[in-house]
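Note sheet for the following structure.
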Amino acid sequence: MNKKISILTSHKDEIANFCESVSYPKFHATQIVEWIFKKYAVTFDDMSNVPKELRILLDEKYYIHSCKIEKIDVDAYDTQKLLISLHDNKKIESVIMSKDDKVSFCLSSQVGCAFRCSFCATGTMGFTRDLTTEEILAQFALMRSITKRVTSVVFMGMGEPLANTNNLFKAIDIINSSRGFNLGIRHITISTAGEVVGIKHLIERDLDCRLSVSLHSLKDEVRNEIMPISRRYALDDLIRMLKRYSERGKRMITLEWTLIEGVNDSVNDAYRIVNLKKEFPFKVNIIPLNPVPHYKGKCPSKDKMVRFKSILHDNGVEVVERYKKGRSISAGCGQLVIKNN
Ligand code: SAH
């Protein structure tokens, strides 16, 4: 690993002390932090109001990002998929999504994923390691140096965010902090496959970000089949924890439901969701199954999807369908994968 220190995760006071230790006034730390968090600096040389000599000294002590963009694929909707290499040469993908005046960053939290949901390409990679706080922040910083703006962050890239809570929560603090990237907490969403202990940590940490839960079925036998995590946590345990989460009375949970023909698209499946309303409040995000090479399942017909959504809607469940952008560059939900990582 780089012997230098990450400036993204350094406190402003530490940077001020460093400036002083090399005989520069502490106020330069304010400029430096501003360059990092507000002005998209990618190198120390970008920091034009910082004395050149100090920039050289900073470069000897710190690094700005440990990651590098290797490739960007763009689709017709301006979805951008970034291939990012890490300090140990492992690679991840992350996605920038644009819609009207909104720009959303879809960040990864791990290299690969241990959960192996049957319909998800990332699971086929297996799990290599957690991303560090710095690597999570570096994805954000690199993306923002491209877009110059961001309206939301979703942890829906590679990996299970709630299996990496330590690094994730620190990164969210810095993304949210007014001393950091200053993005409102309600614009940050964590998506989980149902990591019950991770949800408990989220409750204990009392973070006010949004929570999406990849539910996909309310039948244990189906969930066990398509999402092996549910063999560790039965649906009852998950629902109990989501109830606890909801009882804090903060943000409403979103349930994600990737529709797969013959697996979770029946009338009964829709009514099971309606019945869940008596447990805790939620809205539903329907995701039409994206094609992935290893999985034989199919997306249901349009008629079936309309029927499914109508049952929810007619029974008072707020339901939206996630748009299909990014598919043509394999940047849609569940399509992120790196071979031979
Ligand atoms: N591990 C977390 C974060 C990933 S988010 C989680 O599972 O929530 C990615 C979302 O895409 C999840 O809801 C996941 O279940 C869904 N997904 C995976 N493969 C998919 C596919 N082929 N088509 C549509 N959605 C998929």
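The values are calculated or read from the model by the stated rules, or taken from the named source; none is laboratory data. Being a predicted model, the structure only gives us computed values, none of them experimental. For neighbour counting, all protein chains shown are included, and Cβ atoms are generated from backbone atoms with ideal geometry for every residue, glycine included. The area values use the complete protein model at the heavy-atom level, side chains included, leaving out ligands, DNA and RNA. Shrake-Rupley method; radii C 1.70, N 1.55, O 1.52, S 1.80 Å.
For the reader, a short list of remarks on this structure follows.
- Cα-centre dipole for the chain with unit charges at Cβ (Lys and Arg positive, Asp and Glu negative), debye to 20: 440 debye
- Percentage relative contact order, region 201-341, counting C-alpha pairs under 8 Å, at least six apart: 23 percent
- Residues in region 68-329 average 43 Å² of solvent-accessible surface per residue, probe 1.4 Å, ligands and nucleic acids excluded.
- Top of 289, 242, 276 by mean-square fluctuation, Gaussian network on the chain, Cα under 10 Å: 276
- Cross-link pairs 38/91; 38/61; 200/283; 250/302 - those with Cα-Cα distance over 29 Å: 250/302
- The aspartates and glutamates whose alpha-carbon is closer than 15 Å to the alpha-carbon of residue 298, local same-chain residues fewer than 8 away aside, are 261, 265.
- Inter-label distance, nm, simple model (7 Å from Cα along the C-beta direction), residue 17/residue 340: 4.6 nm
- Solvent-accessible area, 1.4 Å probe, carbon plus sulfur percent, for the chain: 48 percent
- Relative protection proxy for 210-216, 174-180, from highest mean packing down: 210-216, 174-180 (other beta-carbon atoms within 10 angstrom).
- Fully extending the segment from residue 280 to residue 5, taken as 0.36 nm per residue of separation minus the present Cα-Cα distance, adds 94.6 nm.
- Distance between modelled label sites at residue 27 and residue 149, nm, 7 Å Cα→Cβ extension: 3.1 nm
- Ordering 297, 30, 227 by the projection of their Cα atoms onto the charge dipole of the chain, which places +1 on the Cβ of Lys and Arg and -1 on the Cβ of Asp and Glu, puts 297 at the extreme positive end.
- Working ranking of peptides 278-287, 87-96 by packing, defined as the average number of other Cβ atoms within 10 Å per residue, highest first, is 87-96, 278-287.
- Computed from label points 7 Å out along Cα-Cβ, the spacing between residue 261 and residue 201 is 3.9 nm.
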